[in-house]
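Each remark here refers to the structure printed beneath this line.
The values are calculated or read from the model by the stated rules, or taken from the named source; none is laboratory data. In this text, all values refer to a predicted model and were calculated from it rather than measured experimentally. Positions of Cβ are backbone-derived with ideal geometry, glycine not excepted, and every protein chain shown enters the neighbour counts.
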Amino acid sequence: MERPKAAADHRDADRDVRDRAEDCALAQAAARGDERAWCTLLDRYGDRLYGVARRFAANEAEAEDLTQEIVLQLYRNLHRYDGRAPLLGWTLRLARNRCIDAYRARRARPLAHAVPETVLATLPNGDDPERRAAARQELAQVRAALDALPEELATAFVLRDFEELTYDDIAAALAVPLGTVKSRISRARRALFAALAPQTA
């Protein structure tokens, strides 16, 4: 008799295969010029692609430009997708070089914009002016600490903890092993904790 965990893992694996097969069929149809398939892909992944671009961009206008470039790159390369990797991760990998280039171009303040002011709305007592002022100060400290991190650590941290990508998608986006992604995120979190702890003590 199959154990519950093993059965669940088997179902997840089957679902992943089905999802990739569906993505592959949509990608192939869109590559052939099927407008409905292309629109389905954009509806499914467009917001996530913009979210990733926004984390790397300095402002919304640049994020929109980056997203358009990512979408164009996706369309031009759809015929290459074979379903062996999640379509989102594959798309992020295509977009990686462009986004990283934009990120590096403003290394002095790249991730300061990765923690947007809208984060304040999710904090407790968001309507209290004094607490909001304190939250803004904390946000500025986080931004400064992020900018002080090595690029590879900061990028992995932002994609996981702010963009909420899966570890697998981050690995695909950055073209590094899964273990490397986990190590970078862990190191980034420890470094941020060490940097921020004295300020919150």
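Pull up the range 146-156, narrow it to residues that are under 10 Å from A191 (Cβ atoms) and surrounded by 16 or more Cβ atoms within 10 Å (Cβ to Cβ), then point me to the one that is modelled with the lowest pLDDT. Before you say what the answer is, go through the steps one by one.
Keep residues of the range 146-156 that are under 10 Å from A191 (Cβ atoms), which gives 146, 148-150, 153-154.
Keeping just the survivors that are surrounded by 16 or more Cβ atoms within 10 Å (Cβ to Cβ) gives 146, 149, 153-154.
On the way: L146: 79, L149: 85, L153: 88, A154: 83.
By that ranking, first place goes to L146.
Could you tell me whether the range 178-185 includes any residue that is crowded, with 20+ Cβ neighbours inside 10 Å and touching a residue at least 40 places away in the same chain (Cβ under 8 Å)?
Looking through the range 178-185, none of the residues is crowded, with 20+ Cβ neighbours inside 10 Å and touching a residue at least 40 places away in the same chain (Cβ under 8 Å).
Go through the residues of the range 112-126 one by one and say whether even a single one is surrounded by fewer than 17 Cβ atoms within 10 Å (Cβ to Cβ), at pLDDT 60 or above and either out of contact with any strand residue (DSSP E or B) (no Cβ under 6 Å at 6 or more places or on another chain) or under 30 Å from A27 (Cβ atoms) (or both).
No, because not a single residue in the range 112-126 is surrounded by fewer than 17 Cβ atoms within 10 Å (Cβ to Cβ), at pLDDT 60 or above and either out of contact with any strand residue (DSSP E or B) (no Cβ under 6 Å at 6 or more places or on another chain) or under 30 Å from A27 (Cβ atoms) (or both).
Using beta carbons and a limit of 8 Å, which pairs, at least six apart or on different chains, have the first residue in the range 68-95 and over 18 Å from T40 (Cβ atoms) and basic (K, R) and the second one at pLDDT below 85 and exposed (fewer than 15 other Cβ atoms within 10 Å of the Cβ)?
R93/A175
Restricting the search to the range 1-48, which residues are outside any helix (DSSP H, G or I), modelled with pLDDT of 75 or more and of a type in the set (K, R)? Walk me through how you get there before you give the answer.
Within the range 1-48, the subset outside any helix (DSSP H, G or I) is 1-3, 32-34.
With the extra rule that they be modelled with pLDDT of 75 or more, the set shrinks to 32-34.
Passing the criteria: only R32.
So is R143 within 29 Å of A95 (Cα to Cα), at pLDDT 80 or above, among the charged types (D, E, K, R) and surrounded by 12 or more Cβ atoms within 10 Å (Cβ to Cβ) or not? Reasoning before the result, please.
Numbers: within 29 Å of A95 (Cα to Cα): yes; at pLDDT 80 or above: no; among the charged types (D, E, K, R): yes; surrounded by 12 or more Cβ atoms within 10 Å (Cβ to Cβ): yes.
Considered against the rule, which asks whether it is within 29 Å of A95 (Cα to Cα), at pLDDT 80 or above, among the charged types (D, E, K, R) and surrounded by 12 or more Cβ atoms within 10 Å (Cβ to Cβ), R143 comes out as no.
State which residue is farthest from the chain's Cα centre (by Cα) when the search covers only the range 74-87 and only residues that are of a type outside the set (S, T, Y) and at pLDDT 85 or above.
From the range 74-87, those of a type outside the set (S, T, Y) are 74, 76-80, 82-87; that's our starting set.
Checking the rest, the ones that are also at pLDDT 85 or above come to 74, 76-80.
Working: L74: 16, R76: 22, N77: 20, L78: 20, H79: 24, R80: 22 Å.
Ranking the qualifying residues of the range 74-87, first place goes to H79.
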